[in-house]
Amino acid sequence: MATQFLTDFPELVDLSRQDLEDLITDQEYFQATFMGLPRVQAMLQSMIELGRANEAIAKKNLALQEGLYKLRQETQQAFDEAKELEARCKSLEREQRELHQRYTASFLQLRLRHANTAQDELSESTATSFVRGTPSGDSGVPMDVEDFIRVFKEQRVTYHKRAIWSEQWSSGKITWPDS
């Protein structure tokens, strides 16, 4: 009597009908018979080996855990430091561009023109104060002729020097390197 059951479990071929019925009804007998089957024994052995392998891997991972946490923390610190340095670099580059802008040829020429205009206004103010007889400077006393001539001459010399530089610059006689 070859049934599917006996084909799947050839180890049970030698059992009598009564033994098979007892196997179905008696839970302890079933467990003892089932656990004694070679395929079940091999599966249990395989499960035990897998459990031991998992345990070994878990122990290895636990041993590496502290080092990994430390490495993660160091990596985070290095990343944060790199971000801070990157921000600082951008800030320094912006500052450098702003500083460089102050020394470009066009900006310096503009400053020269403004300084020349201010110098002209200063000398005109000095002349007007002298003509009106109003006090000029910190003393609160009107200037005498000699002081006026000395101060006015210095102011006009400065004005004309700047005017000459500005004129030569505009005509291309003064050049600045681009770097």
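The values are calculated or read from the model by the stated rules, or taken from the named source; none is laboratory data. Just so it is clear, the model here is predicted, and its values are computed rather than measured. Cβ placement follows ideal geometry from the backbone for every residue including glycine, while neighbour counts extend to all protein chains displayed. What goes into the accessible areas is simple: the full protein's heavy atoms, side chains included, and nothing from ligands, DNA or RNA. Shrake-Rupley method; radii C 1.70, N 1.55, O 1.52, S 1.80 Å.
Just the residues that are open to solvent by 80 Å² or more (accessible area, probe 1.4 Å) and in a helix (DSSP H, G or I), please, taken from region 14-29.
Arg17, Gln18, Glu21, Ile24, Thr25, Gln27, Glu28
Is there a residue in region 47-62 that is among the aliphatic types (A, V, I, L, M) and exposed (fewer than 10 other Cβ atoms within 10 Å of the Cβ)?
Yes, some residue in region 47-62 is among the aliphatic types (A, V, I, L, M) and exposed (fewer than 10 other Cβ atoms within 10 Å of the Cβ).
Pairs under 6 Å by beta carbon, first residue within 19 Å of Ala118 (Cα to Cα) in region 140-157, partner open to solvent by 60 Å² or more (accessible area, probe 1.4 Å), six or more apart or different chains?
Every condition considered, the pairs that remain are Phe148/Phe130; Gln155/Leu122.
Using the structure shown, decide if Arg102 is surrounded by 13 or more Cβ atoms within 10 Å (Cβ to Cβ), within 57 Å of the chain's Cα centre (by Cα) and closer than 19 Å to Ile174 by Cβ.
no
Between a residue in region 3-31 that is without any contact (Cβ under 8 Å) to a residue 24 or more places away in the chain and any residue that is part of a helix (DSSP H, G or I) and loosely packed, with under 10 Cβ neighbours inside 10 Å, which pairs come within a Cβ distance under 7 Å, given they are 6 or more apart or on different chains?
Qualifying pairs under 7 Å: none.
Can you tell me which residues in region 105-131 are loosely packed, with under 15 Cβ neighbours inside 10 Å, under 23 Å from Val141 (Cα atoms) and of a type outside the set (A, V, I, L, M, F, W, C)?
Scanning region 105-131 gives Glu121, Glu124, Ser125, Thr128.
Can you work out which of the residues in region 114-171 that are in a loop (DSSP other than H, G, I, E, B) and among the acidic types (Asp, Glu) is farthest from the chain's Cα centre (by Cα)? Walk me through it before giving the result.
To start, the set of residues in region 114-171 that are in a loop (DSSP other than H, G, I, E, B) comprises 133-144, 171.
Filter once more, so that each one left must be among the acidic types (Asp, Glu): 138, 144.
Numbers: Asp138: 55, Asp144: 66 Å.
Looking at residues that are in a loop (DSSP other than H, G, I, E, B) and among the acidic types (Asp, Glu), I get Asp144.
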